[in-house]
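*Asks:* Starting off with a structure, shown below.
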Amino acid sequence: MPLSRRALLGTTGALAAAIALSACGSSNGGSGAASSSASAAGTFPVTVEHKFGSTEVKGPKEGQELKVVALGWSDGENCLALGVKPIAVYDWLGFGKDKKGVGPWAVEKFGDVTPEVMERSDSGIDYELVQSLSPDLILNVNSGYDEKEYKRLSEIAPTISGPKDAQNFAPGWDNQTRMIGKALGLEEQGNQLVDDTNAKIKEVADKHPKFKGVQAVTGSKFGEAYGLSYTGDMRWDLMADLGFTMYSKAAAMKPDKGFYANVSEEQVSVFDAPVAVMFPIGYSLQELKDDKILNSLSVFKDGRAVLLDPEEDLVQAFSAGNPLSIGLVLDQLPPKLDTAVAKI
């Protein structure tokens, strides 16, 4: 049975393999702990349509800042990109309390504010902890879209799930950003952030015309097998935005959970594209390089495989997939892709 992201991350330990537009959104000054969030001034009330209906967000209590608990994958970083500092963040990528549960590209936007960092767990969300924080808003936009989970959270505070048609953990970074912007009372700012991010992606794509039309894949080595990023996965979607097209064999595979497909040892030829971007989950870069099965593929033999180091920020930014991490990816990944494309 395919794993959910929560289960996958829980069983592989720290997601050393995780995969970005920096400086989009202001960082308001402020100080305090989780009980005193600093926020951009939103306009309320707002009503947000999502997978489980519609939710009205009335805004903060009079004289207070909006208290946001960000539970979804990268929901917290989207808040920060819009100038809102969540009081709690679910630490999907295992950044840790010293990084305030977010990537190094985003941590400074918290300023002196220290959020509650909720460690990921196979047991799921700690509802009692969430309730103890008395939030005005709960974001669970990029998640597994469990209706029971949504209903329980909604008993605590107005909760925003993902887009109506989204597969689990595949809302699309742009949809996620727009929804969060609206929920924060910052709809115009959210739309502008998406536009600015898309403009940066287009700028990079225009600077690399040789990417256009090249067949490629993105995938991972984890557990006893491999995973293929699919349409709807932020990693592949960014590659597509840069001009690449999915390798025909990979495109023919059926995704297991919307954002990826399990790949057995017998199916590894789906990675043998003109260009492959691969990263390890629960393995070192050297173990990925030494994988005998992958090394049987021409894309590996010919040096057309871009292998990402789980110890570097790039692999985490590639997985984080939000406006604050996309910039790092756009700075660091294209030169590696240039090298691979040149060898076709």
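*Asks:* In debye, nearest 20, what is the charge dipole magnitude of region 115-261 about its Cα centre with +1 on Lys and Arg Cβ and -1 on Asp and Glu Cβ, if you could check?
*Replies:* With only Lys, Arg, Asp and Glu charged at Cβ, the dipole is about 800 debye.
*Asks:* Amide H to amide H, which residues 5 or more places from Val277 or on other chains are under 5 Å from it, using H placed in the peptide plane?
*Replies:* Val217, Thr218, Gly219, Val306
*Asks:* Taking amide H positions as placed in the peptide plane 1.01 Å from N, state which residues far from Met118 in sequence (5 or more) or on other chains have amide H under 5 Å from it.
*Replies:* Hits under the 5 Å cutoff: Val89, Tyr90, Asp91.
*Asks:* Measuring with a 1.4 Å probe in the full set of protein chains, what accessible area per residue, in whole Å², belongs to region 202-340? Before the final figure, lay out the partial values.
*Replies:* Values: 5510 Å² over 139 residues.
On a per-residue basis, region 202-340 sits at 40 Å².
*Asks:* A follow-up question, please. Taking Cα centroids, how far is region 268-344 from region 114-184 in Å?
*Replies:* Each part reduced to its Cα centre gives a spacing of 30 Å.
*Asks:* Output wanted: per-residue J couplings in Hz (rounded whole) for region 142-159, from phi through Karplus 6.51 cos²θ - 1.76 cosθ + 1.60, θ = phi - 60°, x for Gly and Pro.
*Replies:* Those phi angles translate into 9, 8, x, 6, 8, 5, 5, 4, 4, 5, 5, 5, 5, 5, 8, 6, x, 10 Hz.
*Asks:* Let me ask another. Which log10 I(q)/I(0) values, to two decimals, does the chain give at q = 0.09, 0.12, 0.13 Å⁻¹ under the Debye formula with one point per Cα?
*Replies:* -0.45, -0.80, -0.93
*Asks:* Also, I was wondering about something else. For n ≥ 4 DSSP H runs only, could you compute -39500 (n - 2.57) per run for the chain, divide by its residues and tell me the 222 nm figure to the nearest 500? Numbers along the way, then the final one.
*Replies:* Details: 12 runs with 108 residues, N = 344.
That comes out to -9000 deg cm²/dmol.
*Asks:* Under 5 Å between amide hydrogens, which residues at least 5 positions from Leu137 or on another chain qualify, with H placed 1.01 Å from N in the peptide plane?
*Replies:* Under 5 Å from the amide H of Leu137: Lys67, Val69.
*Asks:* Sticking with this structure for a sec: Please count, across region 196-287, the pairs of lysine residues with Cα atoms under 29 Å apart that sit 8 or more places apart or on different chains.
*Replies:* For region 196-287, the number of qualifying lysine pairs is 19.
*Asks:* Dipole of region 278-332 (Lys/Arg Cβ +1, Asp/Glu Cβ -1, origin at the Cα centre): which of Val299, Ala320, Gly282 lies farthest to the positive side?
*Replies:* Val299
*Asks:* Tell me, what ³J(HN,Hα) does each residue in region 214-225 have, in order and in whole Hz, if you take phi through Karplus 6.51 cos²θ - 1.76 cosθ + 1.60 with θ = phi - 60° and put x for Gly and Pro?
*Replies:* Each residue of region 214-225 in turn: 6, 6, 8, 9, 10, x, 9, 10, 8, x, 9, 8 Hz.
*Asks:* Under the Karplus relation 6.51 cos²θ - 1.76 cosθ + 1.60, θ = phi - 60°, what is the ordered set of whole-Hz ³J(HN,Hα) values for region 240-255, x standing for Gly and Pro?
*Replies:* Running phi through 6.51 cos²θ - 1.76 cosθ + 1.60 with θ = phi - 60° gives 5, 5, 7, x, 6, 10, 6, 3, 4, 5, 5, 4, 7, 6, 9, x Hz.
*Asks:* If you take the Cα Rg of region 60-125 and divide it by 2.2 N^0.38 Å, with N the number of residues, what do you get? Write out the running numbers ahead of the final one.
*Replies:* Details: Rg = 11.5 Å, N = 66, 2.2 N^0.38 = 10.8 Å.
In units of the globular-protein estimate, region 60-125 measures up at 1.07.
The values are calculated or read from the model by the stated rules, or taken from the named source; none is laboratory data. All values derive from a computational prediction rather than experimental measurement. Quick reminder, even Gly has a Cβ in these numbers, built from the backbone with ideal geometry, and neighbours come from all protein chains shown. Calculation scope for accessible area: heavy atoms of the full protein, side chains included, ligands and nucleic acids excluded. Shrake-Rupley method; radii C 1.70, N 1.55, O 1.52, S 1.80 Å.
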